[in-house]
Amino acid sequence: MPTDGRRILVTGATGQIGSELVPELQRRYGGENVVIGIHSRPPRGDLDSGPIEKIDVTKKDKVEGVVKEYGIDTIYHMAAILSVAGEANPWLAWDVNVNGTYNVLEVARENGLDRVFVPSSIAAFGPETPRESTPQDTVLKPRTMYGLTKVSGELLSNYYFEKFGLDVRGVRYPGIISYKTPPGGGTTDYAVEIFHEAIKKGKYTCFLREDSTLPMMYMPDCIKCTLDLMDADVSRLRHHGDYNVAAISFSPAELAEVIKRHIPDFVISYEPDHRQAIADSWPKTIDDSSARSDWGWEPEFDLASMTEDMLKNLREILSED
Ligand code: SER
């Protein structure tokens, strides 16, 4: 198999996105060329092939040791503490998200790596940001620790590109919806939980208000946008660590309506909690025209096709459990 010479490390490889990014990287570049960087969550299923290394990204020497041992040239730095978990432990969120990212970038700089992916999030925005069609370049004054760390990561990524010529790339992920691995500690997690509860119990109590519209994306589009950006010709990129990407925006009520087309008796109720304030500080819709024009970003799944695919695949998985 042509490997394009890539030797890849994925941190946070057993998280929601890493769990699906790793198999695709293994398919493209060969399993032996993708080092699975894990922390607390053990690998499962199709992640059990290929080299596995326990990496705490707050320990620079461990990151560096793995990079040197395997001759890594590309890092997908997916390890992070998300918004809700970050409010429960802001100190840990800062340490993992900022110091961890700094360590990864420093190791990449010192060892002359070819390319690094550092994801950001819609959490980089805040209450002063325009909430409709949020522009690429706009106010970044988040109120969550997670958001603060993501803005820091964007700025660090851009700094390393400008100052050191390190090819760092990143997108502002919306809420990611997937069926293989549960998300953890996020405000947008309701949009995954709802499918589990709809199939198992036919009802769901949502922790956000019915009209809380947020930007979301189905996992196949998330993997596509990550890899498309990493494959893009650097000369076409007018941004680096902070591309807006959009796919679907919907409210809990709108998602429930589409689920009801498949499960007519499905009932949703609403008990907004502390997570509502986080959702209220984030955009409803995103202007991703820069990503579209610079590297051809285009999502495939809309609300209807995502819902149909989620229900089909999750039903299969839950019936095997
Ligand atoms: N899904 C994330 C969260 O809710 C947003 O990036 O924290």
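Bear in mind these aren't lab numbers, they're just calculated from the coordinates by the rules spelled out. None of the values given here were measured: they were computed from a predicted structure. Cβ sites come from the backbone with ideal geometry, for glycine too, and all protein chains shown count toward neighbours.
Per residue, the Cα convex hull of the stretch 192-296 amounts to 112 Å³. Taking amide H as placed 1.01 Å from N in the peptide plane, the amide H of Tyr218 sits under 5 Å from that of Ile177, each at least 5 places away or on another chain.
Once you keep just the Cα pairs under 8 angstrom separated by 6 or more residues, what percentage relative contact order results for the chain? The partial results should precede the final answer.
Working: 651 pairs, mean separation 56.6, N = 321.
Answer for the chain is 18 percent.
Shape analysis of the stretch 3-108 places it in the oblate category; the axes a ≥ b ≥ c from the Cα gyration tensor give an a/c of at least 1.5, with a/b not above b/c. Once backbone amide H atoms are built at 1.01 Å from N, Ile52 has Ile36 as its partners under 5 Å, excluding neighbours fewer than 5 places away on the same chain.
Rounded to the nearest Å, what's the spacing between the alpha carbon centres of the stretch 289-321 and the stretch 183-225? Just the number, please. Cα centroid to Cα centroid, the span is 12 Å. When peptides 190-198, 25-33 are ranked by their average number of other Cβ atoms within 10 Å per residue, the highest-first order is 190-198, 25-33. Amide H to amide H, with H built 1.01 Å from N, Tyr76 comes under 5 Å of Leu9, Val10, Thr11, Phe117, counting only residues 5 or more places away or on other chains. Peptide packing for 294-305, 170-181 was compared via the average number of neighbouring C-beta atoms within 10 Å per residue; ordered from the highest value, the list is 170-181, 294-305. Quick one: grab the alpha carbon gyration tensor of the chain, order the square roots of its eigenvalues as a ≥ b ≥ c, and give me rounded if a/c is under 1.5, else prolate or oblate depending on whether a/b is larger than b/c. Prolate, because a/c is 1.5 or more and a/b exceeds b/c. Can you list the lysines whose alpha carbon sits under 17 Å from that of Lys68, skipping same-chain ones fewer than 8 residues off? Result set, ordered by chain and number: Lys54, Lys59, Lys60.
Sequence-distant contacts, meaning Cα pairs under 8 Å at least 6 residues apart, place the relative contact order of the stretch 84-168 at 38 percent. Rounded, prolate or oblate, given the Cα gyration tensor of the stretch 257-321, with a/c below 1.5 counting as rounded? The shape class here is oblate.
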